[in-house]
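Report on the following structure.
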């Protein structure tokens, strides 16, 4: 029995409503690519999805889980404690019996599946730190009173948020591997396609899912093949140079962007069953890597104009002699906005009595 037949014939569990097919999503190409890359290489650090309400953020997360080996979707509620997330150790039994008893948390349950966090920007920083640590390392370690326990926790982390409800701290947002920013759709044709697909799914979920079973099966096979091929890819000098140039132009902090961009490009090459990682693969993943890490590098207008005037050599009228003095404000030796004093003429006005004149 092939994968498509399994997906078609496997009844949905009664306690879990059927998921909207991943391949049936409309107008979400950038989000679909980011989620597939994270599914191929969970070590990317997860995907942060921002956008207004009703842009299919949670629908896409649930749809991805169905394509993974375990098909497990674990949701972290807003009020969850740290113990519920990472698990707990029974200290009393460890002291009494010398054996470590560990009660698994949500990180253990999400292993090989998807850990979905809605409104991640509203979580306490300690929980977000624990999530991102496990997502990047694939391991979860619990330590209490000198006793520790570690277990595998390889999962695809998907965090969603509405920017109107608050932002994540820069230190945390940078640790998400990829970011996708969704916007409201104002294309009438695309809106109609989205609404028709949703109505068709709501009216008859099984029939709707059956229509996409072949495409779903193809994605399952592509993810499996890409995961198997991933370790065989390397990076040549041209790819490294291109990644460095993009990250420098974006003025990113540190080297995390370089590493994530290389890994994302490798995952994309594996997904496309390419022979090597190319600069084209880098270009296709660059925006998702740099969107939440990019800093502006604006050049002061006066300094930029001075630099341009010094570089003109072809136009005699605009050329500047090599020994011409450059104002201090343009060279950065003084504060921006400073103008050197200039002598101005004075005009004598009749009928004005100087302050130090003697009265008659």
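Remarks
- Total residues in the range 92-129, condition assigned to a loop (DSSP other than H, G, I, E, B) and either closer than 18 Å to residue 47 by Cα or in contact with a helix residue (DSSP H, G or I) (Cβ under 6 Å, 6 or more places away or on another chain) (or both): 9
- Residues being out of contact with any strand residue (DSSP E or B) (no Cβ under 7 Å at 6 or more places or on another chain) and at pLDDT below 90 - total across the range 138-161: 3
- Residues in the range 154-168 that are assigned to a loop (DSSP other than H, G, I, E, B), farther than 18 Å from residue 38 by Cα and in contact with a helix residue (DSSP H, G or I) (Cβ under 7 Å, 6 or more places away or on another chain): 166, 167, 168.
- Of everything in the range 86-119 that is crowded, with 18+ Cβ neighbours inside 10 Å and modelled with pLDDT under 90, the residue that is farthest from residue 151 (Cα to Cα) is 94.
- Taking the criterion of being farther than 30 Å from residue 126 by Cα, out of contact with any helix residue (DSSP H, G or I) (no Cβ under 9 Å at 6 or more places or on another chain) and in a helix (DSSP H, G or I), the residues of the range 169-197 that qualify are 188, 189, 190, 191, 192, 193, 194, 195, 196.
- Single unsatisfied condition, residue 182 versus (1) closer than 26 Å to residue 261 by Cβ; (2) crowded, with 19+ Cβ neighbours inside 10 Å; (3) over 16 Å from the mean Cα position of the chain (by Cα): (3)
- Yes/no for residue 189 being closer than 21 Å to residue 56 by Cβ and either at pLDDT 95 or above or within 22 Å of the chain's Cα centre (by Cα) (or both): yes
- Summed over the range 52-85, residues that are under 26 Å from residue 126 (Cβ atoms) and either surrounded by 19 or more Cβ atoms within 10 Å (Cβ to Cβ) or free of Cβ contacts under 8 Å to residues at least 12 places away in the same chain (or both) total 9.
- Residues in the range 130-153 that are closer than 18 Å to residue 88 by Cβ and assigned to a helix (DSSP H, G or I): 130, 131, 133, 134.
- Residue match in the range 122-141 (condition: surrounded by fewer than 21 Cβ atoms within 10 Å (Cβ to Cβ) and more than 29 Å from the chain's Cα centre (by Cα)): no
The values are calculated or read from the model by the stated rules, or taken from the named source; none is laboratory data. Small disclaimer: the values here were computed from a predicted structure and weren't measured. Methodologically, a virtual Cβ is constructed for each residue, glycine included, from the backbone with ideal geometry; neighbour enumeration extends over all protein chains shown.
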